[in-house]
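**Student:** First, the structure itself, so that you have it in front of you.
What follows draws every value from the coordinates through simple rules; no lab data is involved. Everything quoted here is computed from the prediction, not taken from an experiment. Glycine gets a Cβ as well: all are built from the backbone with ideal geometry, and neighbour counts include every protein chain shown.
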Amino acid sequence: MATDALTIENLTVRYPMRGGVLGRVQHFFTAVEDFSFSLKTGEILAVVGESGCGKSTLAQALVGLAPWTKGEMTLLGQAYNPASRKDLTLIRRQMQMVFQDPFSSLNPRQTVSEILMYPLLARGFSRIESTQKIKETLSLVGLSTEALSRFPHAFSGGQRQRIGIARSLVLSPKVLICDEVTSALDVSVQAQVIQVLDEIRRQAGISLIFISHDMQVVRALADNVIVMYLGQIQEKGSVSQVLSSPKHPYTKALIKSIPTLDREHPPEILEGDWASQGIPQTGCRFAPRCPQKTSLCTEGVIPLEMVDSVLCRCILNRST
Amino acid sequence: MRISQETKNKWIRFRKNKRAFYSLVILVVAYLASLTSPWTVNDKPLVMLFNGNFYFPAFFHYSETEFGGVYNTEPDYKKLLYSVDADIWVIMPPIPHDPLKADLSLEGTPPFPPSASHLLGTDANGRDILSRLIHGFRICLSFSLCLTVLGTLLGILIGGIQGYLGRYFDTLFQRGIEIWSSLPFLYVVILIGSIYGRSFLLLILIMAAFNWISLSYYMRAEFLKLRSMPYVKAASMLGLSHRHLFFKEILPNALTPVVTLFPFTLIGGIGSLTSLDFLGFGLQPPTPSWGELMSQGLNHLYAPWISISTVAALFITLLLATFIGEGVRDAMDPKSGDRYE
C-alpha cells in the first residue's frame, strides 16, 4: 500500500456572520464540517457536489486561504497546524492550488515570465535556476517558451489555465489542489487541461485533489471520489463503484442530472436547492430534497457507514 | 520592464483626443522652456565680448573689478554697456529683464503701460510683468508638481495600507482622516507660516499634508477591491511577501485613480498657491508669483494690463491642464476600454 500524501482529520471551516450596527458576530456559517479523508501518493481524488456545497472552501482551507477552525493535517508524514502562520508557509511548500477562473487568477500587468518568476525568487532561487525551472515546467504543461514575454491577455482560456497550472508547479509541490479548473473552459479545451493534469501526475508523481461538479470529467480522470453536500461527506469510494452503482440518493440524483447526448433519456433535474430549504439541524442534511425520504431521516446524527467498501451517510442502506 | 497592452491602449486613446494631446504638448514645452528662464529671462547677457575676452554672465558670476569697476559685487550689465569706454559686444537674453529688479531707466511713476521694451508693461514696482509671469509660471508649476507628487505618494501609501489591511485598522484610519480633513487648511498655513516663516519647502509640506486625502479614498477602495482578486490570493498562496503583494500585484492595477486625478490635483495646486499668494500668505516676496501680481492688479485698477495679462496666463494654464485631465479621464474610462475595434 502506498503511503499517504495528505491526511485530513475532522476539518471544520466556520465563517463568522456579522450583523447589526456594531458588526458583532451573530452566528457562524459552517461551510465544511468534520471532513476527513486521506490522499495516497500519486492518487487523484475527486470532490464533487453542487455549487455552494463547500467544495471551494475546502480547497481554500487546505492552502490556508479560508479560516481553519478545527481539524488536523498530516502532510507527507508530518503533522501541521494550518491555523498557525509558520506552519502555513511550510504547508504551502508542499501543497499548491490551481484556481478556478483562468481570467482573474493571472495578474493582467505581469508577463508570463514574471508570473512564474516571482514565486521562485521569493523562495530563494537564483535567476538562472528559476529560468531553467520555468522552461521545464512550461514544457510539462505544453506551452512554448515564446509565451514567456507575453501578457496573459494574449492567451486563450485553456492556455491561461495551463499557465495557472505551471505557476503552481514551479515550486514543485507534492500535492496539487485543482479547484474546478475545467469549469470555465470549452469541452475541447477541458480535454487538453485534463490531459496535462494526468501527465503531471505520472511524470512528477504529484497527488491531486480534483474539485469539480462535472461527473464526466471525474469519471475520466479520478481514482477516488468524495460526494459532498452542505459541507459533509455523503459518499466516498472508488470512482468506478460510486459512479456506476451509487448508494446515496444524492449521488444518484447527481448522476441522473448529467446532460447526455441521448434525447430519449433527458436528464432528471433534482428539485430545490439548499439555500431555500435552510440547513437541517438534525438528521440527514439532504432529507428535505430527498425523493426517498422516510420519517427516520430527520432524527439524530447519521454517521458515515461502510457499505460494500464504499463509505455512505444514509440510513436507507442499513436495511439492505 | 515591458508595457502592457492595456497601458498602450490607454495611451493610444489619449492621443486620439487631439485637444488633450496638444494641451499636454503645449504645457510640457512651456514648462520645459520656463525652466530655462533663470538664464533666458534675465538682464545678464548670455555672451559678452569685453576687450577681446569672452564672458558668460548669465551662467557664471563675475565681479565688477574685472570690468574696471570698484567693488567685488556683480556689475549692472545694462549700465556697463553704456558707461564703460571699452570694446564691448553682447548677446542679451530674449527677454532682458530681471523679475526682481525695477527698470529705473523709465521716467515717471510705475506701473508703466506696455511698450516696446516692456511688452506687457511693468508692475507697481517697475518690474517687467512678462518676466515675472514667466518666472512665476516656473515656480508655480514646479511647486504644484512637487506638491502633487508628494501628495500622490502619501495618498497611495496611506489609502493603500488602509485598503490592504482592512478591518479595524481601516475603520480607525478612516475616522482619523475625517478629523484631519476637517482642520481648516488656511488657518494651519497662516499659523505655521507665522511661526516658522514662509518658505517653498515648508509650504509644500503643509499643503501636502492635506493634499493626499482625496486620493487616499480612491486608493483605499481600489485596494479593498483588488486584494480579494484571485491573482492576489494566488500570489499570497505562493509565499510572496506583503511588500510584493502591495507593490507588484495590487498597485500596478490600482493606478487608474492616480493617473486620472493627477492633472486635477495639479490644477488644485496651482490654484491654491496663487490664492495664498494673493492673500499674502504664500511664498515670501519678492518671489515672482501670479497671486501677488493679481493682488497688485486689484490695488492698481487704473493699470488694467497687470490683471489682464495675469488672469489670461492663469486661465490658459488651468484650461490646458483641465483639457489634459479630461483626456486622461476619458482614456482611463473602463467602459470604453473593453470595446473591440
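**Student:** Taking a threshold of 31 Å on the Cα-Cα distance, which of the pairs A:55/A:86; A:252/B:233; A:236/B:248; A:174/A:293; A:86/A:252 fall above it?
**Tutor:** Over 31 Å apart, Cα to Cα: A:252/B:233; A:236/B:248; A:174/A:293; A:86/A:252.
**Student:** Per residue of chain A, what 222 nm ellipticity follows from adding -39500 (n - 2.57) for every DSSP H run with n ≥ 4, rounded to the nearest 500?
**Tutor:** That calculation yields -9000 deg cm²/dmol at 222 nm.
**Student:** Same structure, new question: Of the DSSP beta bridges with both residues in the protein assembly as shown, give the percent that are antiparallel, rounding to the nearest 5. Could the numbers behind the result be given before it?
**Tutor:** Working: 39 of 58 bridges.
Antiparallel bridges make up about 65 percent of those DSSP assigns within the protein assembly as shown.
**Student:** Have a look at B:153, B:172, B:126 and report the one farthest towards the positive end of the charge dipole of the range B:124-185, computed about the Cα centre with Cβ charges (Lys/Arg +1, Asp/Glu -1).
**Tutor:** Towards the positive end, the residue furthest out is B:126.
**Student:** By counting other Cβ atoms within 10 Å of each Cβ, how are B:244, B:61 ranked from fewest to most?
**Tutor:** B:61, B:244
**Student:** Using just the helices of chain B, give the 222 nm mean residue ellipticity in deg cm²/dmol: DSSP H runs with n ≥ 4 each add -39,500 (n - 2.57), and the total is spread over all residues, rounded to 500.
**Tutor:** Roughly -19500 deg cm²/dmol at 222 nm, from the helical runs in chain B.
**Student:** For the protein assembly as shown, what is the convex hull volume of the alpha-carbon atoms per residue, in Å³?
**Tutor:** 235
**Student:** Just in the range B:287-336: which chymotrypsin sites (Phe, Trp or Tyr not before Pro) are loop by DSSP and have at most 11 other Cβ atoms within 10 Å?
**Tutor:** Numbers: sites: B:290, B:302, B:305, B:315, B:323; in loops: B:302.
Qualifying residues, ordered by number: B:302.
**Student:** Would you mind counting up the charge near residue A:217? Only other residues with Cβ under 15 Å from its Cβ, with Lys and Arg at +1 and Asp and Glu at -1.
**Tutor:** On the way: positive: A:55, A:201, A:219; negative: A:179, A:180, A:186, A:198, A:214, A:223.
Net charge in that neighbourhood comes out at -3.
**Student:** Across bins of 5 angstrom width beginning at 0, how are the C-alpha pair distances of the range A:4-250 distributed, in whole percent?
**Tutor:** 1, 6, 13, 17, 19, 16, 12, 8, 4, 2, 1, 0
**Student:** Still on this structure, please answer the following. Please give every one of the aspartates and glutamates within straight-line cross-link reach of residue A:135, meaning a C-alpha to C-alpha distance under 17 Å, and leave out same-chain neighbours fewer than 8 residues apart.
**Tutor:** A:114, A:146, A:199
**Student:** Let me ask another. Evaluate the charge dipole of chain B about its Cα centre and quote only its size in Debye, nearest 20, assuming +1 on the Cβ of each Lys and Arg and -1 on the Cβ of each Asp and Glu.
**Tutor:** For chain B, the charge dipole is close to 1960 debye.
**Student:** Scanning chain B for trypsin sites (Lys or Arg not before Pro) in DSSP loops with at most 16 other Cβ atoms within 10 Å, what's the longest stretch left with none?
**Tutor:** Here the longest segment lacking exposed loop sites spans B:3-338.
**Student:** Considering only the range A:4-250, what is the antiparallel percent among its DSSP beta bridges, to the nearest 5?
**Tutor:** Details: 26 of 44 bridges.
Antiparallel bridges: around 60 percent, rounded to the nearest 5.
**Student:** Taking amide hydrogens as modeled 1.01 Å from N in the peptide plane, which residues meet the under 5 Å criterion relative to residue A:307, leaving out close sequence neighbours?
**Tutor:** Sorted by chain and number, the residues that satisfy this are A:312.
**Student:** Once you have a ≥ b ≥ c as the square roots of the Cα gyration tensor eigenvalues for chain B, tell me rounded if a/c is under 1.5, and otherwise prolate or oblate according to whether a/b is larger than b/c.
**Tutor:** Numbers: a/c = 2.34, a/b = 2.05, b/c = 1.15.
Note, shape of chain B comes out prolate.
**Student:** Is there a simple number for the mean count of other chain Cβ atoms within 10 Å of the Cβ of residues in A:97-109, and what is it?
**Tutor:** 5
**Student:** Let me know the whole percent of all Cα-Cα pairs from the range B:44-92 that are separated by more than 18 Å.
**Tutor:** Across the range B:44-92, Cα pairs with separations above 18 Å total 14 percent.
**Student:** Rounded, prolate or oblate for the range B:195-333? Axes are the square roots of the Cα gyration tensor eigenvalues, ordered a ≥ b ≥ c, and the cut-off for rounded is a/c under 1.5.
**Tutor:** Judged from the Cα gyration tensor, the range B:195-333 comes out prolate (a/c at least 1.5, a/b above b/c).
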